[in-house]
Amino acid sequence: MTTALALLVLAGTLAQNAPVPVNASAACSANAAVSGDLGFRSTECHGCSMTGRHTPDEPDIEFGTEPVLRDIERGGPGDGKLREGDALVALDGQLITTRAAAIHLSWLAPGIPVTLTVRRDGRLEEVRIVPAARCRVVTPARTTRSTSMPALIVGRSRVMPGSLSKGWLGLGLVCVACAAPAPGSAAAFRTFPEIGDVRPDSPAAQAGLQPGDVLLAVDGASLKTTDGASRFRSIEPNQQLSLLVLRGVQTMTVLVTAASRP
């Protein structure tokens, strides 16, 4: 494949799977999940590999070289911070040419600031951006069932959080692609879970949590990390939690105190 053709394929694939803004009146569709968006719509990249799929735990693009950012969205999260022609060098201190950084870029948490290192006019600059919430169509991963790995739940399936903990919040979650918790498991959520229902008079209800809220982090740890998942599944009675929640297009911090399981 020639360099020119590679660039055309990259631009075409981005257009086909462009993120859709989340608005306050509509949640993501059944086959989509909330993800973070930095507000650039295309990149120029030599030696990069793009699948055109948005698969949990996988990068949308793997970068062989530093990508050049194009089409900065006016009014988007990167407006006034990113410039046309910036070369993306690193994300939160990880070189963008590493697989870990590519996965991080593909599955950003909305509302949680990230630091981009860009090469601009021959100098390195750091830019801090708060990703906006966008809906992205999720392609289920092809997995094999194994006793050592949790099963993959695909579709808007119900997951009852805290089933392994003594503490109780009184809510149920739905998600597009989640790792079903097994005893002793700290497997991370593969997409940010959405609150499906809230029990009346429960700690969640008293804290003001609502169906449709999307849980992003607990005590500062993303639910898509093993640390965040472990905290969420190890809640104790009377423990106060700080939950980062996405409601419509707004992120908010909600304090909730767990009760004993009824």
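Of the strands (runs of 3 or more DSSP E) lying entirely inside the range 80-143, the ones with 1 or more residues being of a type in the set (Asp, Glu) and either at pLDDT below 95 or crowded, with 19+ Cβ neighbours inside 10 Å (or both) are found at 123-129.
Hey, among Gly208, Gly248, which residue is on the phi > 0 side of the Ramachandran plot, at pLDDT 90 or above and not aromatic (Phe, Trp, Tyr)? Outline the logic, then answer.
Numbers: Gly248 fails: at pLDDT 90 or above.
None of the other options fit; the residue is Gly208.
Applying the set (1) over 24 Å from Cys28 (Cβ atoms); (2) modelled with pLDDT under 90 to Pro203 leaves exactly one unmet item: (2). Determine, yes or no, whether Pro183 is outside the structural domain of Ala30 (by TED's automatic domain parsing), surrounded by fewer than 17 Cβ atoms within 10 Å (Cβ to Cβ) and either outside any loop (DSSP other than H, G, I, E, B) or at pLDDT 80 or above (or both). So Pro183 does not fit the description; no. Figure legend. Inter-residue proximity from the range 84-95: first residues over 13 Å from Arg123 (Cβ atoms), second residues acidic (Asp, Glu) and buried (at least 18 other Cβ atoms within 10 Å of the Cβ), beta-carbon distance below 7 Å, spacing 6+ or different chains. Indicated pairs: Leu88/Glu66. Would you confirm whether or not the range 45-62 contains a residue that is under 23 Å from Leu116 (Cβ atoms), outside any loop (DSSP other than H, G, I, E, B) and modelled with pLDDT of 85 or more? Checked the range 45-62: at least one residue is under 23 Å from Leu116 (Cβ atoms), outside any loop (DSSP other than H, G, I, E, B) and modelled with pLDDT of 85 or more. Selection over the range 101-124 of residues that are free of Cβ contacts under 8 Å to residues at least 24 places away in the same chain and over 14 Å from the mean Cα position of the chain (by Cα) gives a count of 3. Scanning the range 49-72 for residues that are in contact with a strand residue (DSSP E or B) (Cβ under 6 Å, 6 or more places away or on another chain) and not hydroxyl-bearing (Ser, Thr, Tyr) turns up Met50, His54, Pro56, Ile61, Glu62, Glu66, Pro67, Val68, Leu69, Arg70, Asp71, Ile72.
If a residue must be touching a helix residue (DSSP H, G or I) at 6+ places or on another chain (Cβ under 8 Å) and assigned to a strand (DSSP E or B), how many such residues does the range 216-240 contain?
Quick first cut of the range 216-240, residues touching a helix residue (DSSP H, G or I) at 6+ places or on another chain (Cβ under 8 Å) only: 217-219, 221-223.
Now restrict to residues that are assigned to a strand (DSSP E or B): 217-218, 221-222.
Of the residues in the range 216-240, 4 are touching a helix residue (DSSP H, G or I) at 6+ places or on another chain (Cβ under 8 Å) and assigned to a strand (DSSP E or B).
The values are calculated or read from the model by the stated rules, or taken from the named source; none is laboratory data. Please read these numbers as outputs of a predicted model, since none were measured by experiment. Every residue, glycine as well, gets a Cβ built from its backbone with ideal geometry; the counts of neighbours run over all protein chains shown.
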